[in-house]
Amino acid sequence: MDDNACRKRRLVLAHGLALGACAMGMTGGIRDAAATKSSKAAFLYQDHPQNGKRCGDCKFFSADGGNSSAGTCDVVEGAVDRSGWCMAFSPKA
């Protein structure tokens with residue numbers, strides 16, 4: 001599979017996951033999903049932005065403190081970088 005096809009496939013998967021997360025949020029199921037976080041690998045987490053999107057701008061991100069670059073995610077396990085990104089990205093309202 002060439003790089004372009006891989007990028008398109010990842011984009012389709014990312015949109016599908018974001019849509020699923022949105023649907024879960026509308027039904028109140030996001031609390032259940034947060035209780036069972038997934039690995040960084042499952043959501044293709046990276047410690048740098050993706051097309052201008054970053055964890056610090058995501059509704060699932062919580063900063064550890066003041067100006068800290070680290071934080072936690074409601075969807076992904078472990079510490080995440082404010083400048084990172086994963087397929088669960090959903091902009092803050």
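Tabulated results
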{"item": "Yes/no for residue 65 being over 10 Å from the mean Cα position of the chain (by Cα) and at pLDDT below 95", "result": "yes"}
{"item": "Elements of type strands (runs of 3 or more DSSP E) in the range 47-93, at least 2 residues being buried (at least 17 other Cβ atoms within 10 Å of the Cβ) and in contact with a strand residue (DSSP E or B) (Cβ under 6 Å, 6 or more places away or on another chain)", "result": "70-73"}
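The values are calculated or read from the model by the stated rules, or taken from the named source; none is laboratory data. Predicted model only: the values in this text are computed from it and were never measured. Every residue, glycine among them, receives a Cβ derived from its backbone with ideal geometry; neighbour counts consider all protein chains shown.
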